[in-house]
Every structure is written in C-alpha cells, then in structure tokens.
1. What distance in nm separates the two pseudo spin-label positions at residue 132 and residue 80, each 7 Å out from Cα along the beta-carbon direction?
2. Based on other C-beta atoms within 10 Å, arrange 42, 158 from fewest to most.
3. Report the extension gain between residue 46 and residue 73 in nm, rounded to one decimal, defined as 0.36 nm multiplied by the number of residues separating them, less their alpha carbon distance.
4. Could you please state, rounded to a whole Å, how far the C-alpha centre of the range 195-230 is from the C-alpha centre of the range 119-137?
5. Cut-off is 10 Å between beta-carbons; in what order do 135, 230 appear when sorted fewest neighbours first?
6. Counting other C-beta atoms within 10 Å, which of 120, 159 has the fewest, and how do the rest follow?
7. Multiply the residue gap between residue 224 and residue 120 by 0.36 nm, knock off their C-alpha separation, and tell me the result in nm, one decimal place.
8. Compute the Cα gyration tensor for the range 121-254, then decide on rounded, prolate or oblate, letting a ≥ b ≥ c be the square roots of its eigenvalues: rounded whenever a/c is under 1.5, prolate when a/b is larger than b/c in the other cases, and oblate in all that remain.
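Just so it is clear, none of the values below were taken in a lab; they were calculated from the coordinates. Because the structure is a prediction, the values reported are computed rather than measured. Please note: Cβ atoms are built from the backbone with ideal geometry, for glycine as well, and neighbour counts cover all protein chains shown.
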C-alpha cells in the first residue's frame, strides 16, 4: 500500500487501521518482511502484490491476509479506496482463539495457497459496518476501548473466514482436516523435523497412509510440502537476517551447511549466495 495520503488510527502500537482514499499509481519494489498480522482490503483498485516470492494479480474488491514473517512487496498498484488492519499477537492471538474463530490455517498461516478472497455485495456491507464501528471506536477513546476494538476485529475476522469458506469450498471432511493438522504441525516444527515419517507418527498414521490422504485432495506430497516450507523460510532468512549462511542452515535443522546449500540449490536453481545477490 502506498505510503502517501493514508489516514491512520492506532491503539498503543498493537492495533491499527489505515484508510486510503485516492487514486494514484504506486510501485514499491523493495521487499519487506511483515512483523504483524495484516488484512489489506482493496475495495476499488487493481495491481500486483508479491507475497512470499509469488505474484498475485487483483482487480476490484479483494481481501489479502498476511502473517508475521511473510515477505511482501508491491509490483504495481492503483488504488482508489483501501483499508489495512494491522495487529500483533499481543492484541489478538489467532492460535488462542482458533477453536471458535478457526482462522488459523485459513486466513493466516494460510495452508490453502490463495492469500486473498473476493467478498460479494452482501459481505461487503457487513465488513463496511464493522469498519465504520472500528473507526468510531478509535475516535471516541472511551473506557474499555481495548475490549471493544478487539471485539470488532474478531467480528471482521469471523466474517472473512465465512467468506473464504463460502467461495473457496473449504471442506471439513477427513482429508481436509488431516491436511490442516499436518500443515500446522509443519509450521510449528519444520526447523527441527524434516522427515515425513516423524509427522506421520505424530498424526498416528504411516507415511504411506498420509501420502494417500494427500492424493485424495490433489495436494502436493507431504515431502514436497515440508521441503517448500523450509525453502520459503530459507529465502526469508537469506534476505532479512544478518546471519552467516552456515548459521541459517543450523537454524533450519541442517547439521551440514554444505548439504543445506545443495538442498537449496536443487530447489531454487540458485545457491544461497547467488540468491542473496540477485534477490
């Protein structure tokens, strides 16, 4: 989102709402690593956003969801009206509220690939009402403001989850639940567990049975899923940490930095050093 012409509402550096109402072309090629949860709602506009080294075109009404650690840049955008909600784990922990809200793995730490969704007119009215309530609450600065702001944010997230599930056919069948459980397990352990067998054991399955479940939903193999998560984190650290490559290798669970280099090169076509120089 372009840095100019933005109106910002903020609560104690843990929750903010930015409002953009203009029409101006912008290119922000410099990549940045996200340090909080973000919801970007482009109501009117078009452009190309890069998220974790993948490009996403958008045109018209669209909601993007970003998680801490992800790499974000703007290839191009021309925005007439947009909003950005940013919040930290201290303000609203999606893992702690996942049982009732179920946004972890759907909106944030997204395991369904697509980091955005387009709401219909009915959903737009609901989201608009919540945003108006948020802005009003920010401006009032009354007692119990923390609770009110958190409540409105939760409503916005719940509404977004419903939109995502309605328009992307996210099912609750056995295979889909297993895929989510596996994906979140990988998210928590990929730096120390690289073996499909280790994850299958945690889930009470054999590696072969786990692979068959993945085939039923047309997903990549469990092995590729683990590898791709490691490679994404390796790219992030190569770009944004000041650690030596060998220390990044150790952090990602590789005992041999040379093996890590071969692993990365085979997956990306570039050595870690080449990636740092050309990114």
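1. 2.0
2. Ascending number of Cβ neighbours within 10 Å: 158, 42.
3. Contour length minus Cα-Cα distance gives 8.3 nm.
4. The range 195-230 and the range 119-137 have Cα centres spaced 39 Å from each other.
5. 135, 230
6. So the ranking, lowest neighbour count to highest, is 120, 159.
7. Difference between extended and current length: 34.0 nm.
8. Note, shape of the range 121-254 comes out oblate.
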